[in-house]
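*Asks:* This structure is in structure tokens; I'll ask about it shortly.
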Amino acid sequence: MEMSRRHVLAAVAAAALLPSAAFAQSFPNRPIRFVVPFPPGGSLDVSARAVADRMTVLLSQPVVVENRPGAGGNVGADLVAKSAPDGYTMVMGALSTHAVNPHLYARMPFDPLKDLAPITQIGDVPNILIVGPSVKATNVQELARDIRANPKAFNYGSGGNGSGGHLAGALFADRIGVPIEHIPYQGGAPQLNALLSGETQFTFDNLANAFPQIEAGRVRALAVTTPQRNSQVPNVPTMAEAGIPGFDISTWFGIFVPAGVPAEIVTRLADAAIAALKDPATVERLARLAVVPVGNTPAEFGRFVAAEHAKYREIVRLSGARID
């Protein structure tokens, strides 16, 4: 009798799992919506399209990129956070949506750590400290010395309040112990024009945006803001090598789905995205954007995001940026 009872209980438990298992086994059986919460044409958008193209082949279903910009990425990320947890809606979350905005915005429409589940980190784009033609400093220590000697003669531009460049500049000012005026612009192109014209003296730009100007010799690169050097500018030291330790700021991004997506589907999406990042054609497309591919597991990506969320609390505070 007891053996029979155990068999019945086991059968009931197995039956309860069948719908989820069957759903995961058939996934995907229709197109997947891939929301990019930023405008088309940027490195994050182009990276999403490169990965989506390969995932389309690997999953045998279209992965369709849809741009939903607004509020520093909050609009698109919130849309996905509130979508059905079935794996058919993904978002390209980023440094802004998951680490900066929660400390920058007075009110967030979603909780990035609770409402979105990590799939994998797609890539990382280093920021790079560049100076304009009017600046004589040839390395970070010379720049810091000149700023300390005459702080009113220096300011730095960024692509906007609370942007990665703004936060990197605020951290730099804190590290060298001198307040430096920040001038926000509406995007990367205007901030580079200001640097070239002498309106600003230095900036922390993403490498993809700055590289053409560096290559043309119009600006001078002093350091990258990541722990390792970048192969695109191998002779440029890291901030730590340049004498500013503990300086790690980069523009990272990766795939998230609504919380509650079944674990089997999370694994299916992660496997496809990681495989896409190993495809030579995808790697080549990302390299043209100065994107360093990552492709970690959902658990690893989750731990990374949580650490970045905690780290940027203090960096945003240092910057004084706030959006009510």
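*Asks:* Given the options Pro234, Pro245, Pro262, name the one that is in contact with a helix residue (DSSP H, G or I) (Cβ under 8 Å, 6 or more places away or on another chain), surrounded by fewer than 20 Cβ atoms within 10 Å (Cβ to Cβ) and at negative phi.
*Replies:* So the residue among Pro234, Pro245, Pro262 that is in contact with a helix residue (DSSP H, G or I) (Cβ under 8 Å, 6 or more places away or on another chain), surrounded by fewer than 20 Cβ atoms within 10 Å (Cβ to Cβ) and at negative phi is Pro262.
*Asks:* Would you confirm whether or not the range 199-216 contains a residue that is assigned by TED's automatic domain parsing to the domain that holds Ser158, assigned to a helix (DSSP H, G or I), of a type in the set (D, E, K, R) and over 24 Å from Arg313 (Cα atoms)?
*Replies:* Yes: the range 199-216 contains one or more residues that are assigned by TED's automatic domain parsing to the domain that holds Ser158, assigned to a helix (DSSP H, G or I), of a type in the set (D, E, K, R) and over 24 Å from Arg313 (Cα atoms).
*Asks:* So which helices (runs of 4 or more DSSP H) stay within the range 226-324 end to end and still have 2 or more residues that are within 25 Å of Ser83 (Cβ to Cβ) and in contact (Cβ under 8 Å) with a residue 12 or more places away in the chain?
*Replies:* 263-278, 298-319
*Asks:* Quickly run through the range 43-72 and pick out the residues that are over 15 Å from the mean Cα position of the chain (by Cα), open to solvent by less than 40 Å² (accessible area, probe 1.4 Å) and modelled with pLDDT under 95.
*Replies:* Gly70
*Asks:* So, Ala321, is that one surrounded by 20 or more Cβ atoms within 10 Å (Cβ to Cβ), aliphatic (A, V, I, L, M) and either on the phi > 0 side of the Ramachandran plot or at pLDDT 95 or above (or both) or not?
*Replies:* No: the conditions fail for Ala321.
*Asks:* Could I ask something else about it? Sort out which residues of the range 74-86 are within 26 Å of Ser250 (Cβ to Cβ) and either polar (S, T, N, Q) or outside any helix (DSSP H, G or I) (or both), and write them in order of number.
*Replies:* Asn74, the sole residue that qualifies.
*Asks:* Is there a residue in the range 251-264 that is at pLDDT below 95, within 30 Å of Arg145 (Cα to Cα) and of a type outside the set (A, V, I, L, M, F, W, C)?
*Replies:* yes
The values are calculated or read from the model by the stated rules, or taken from the named source; none is laboratory data. What you are looking at is a predicted structure, and each value in this text was computed from that prediction instead of being measured. Glycine also receives a Cβ, built like all others from the backbone with ideal geometry; neighbour counts cover every protein chain displayed. All accessible areas refer to the heavy atoms of the entire protein, side chains included, with ligands and DNA or RNA removed. Shrake-Rupley method; radii C 1.70, N 1.55, O 1.52, S 1.80 Å.
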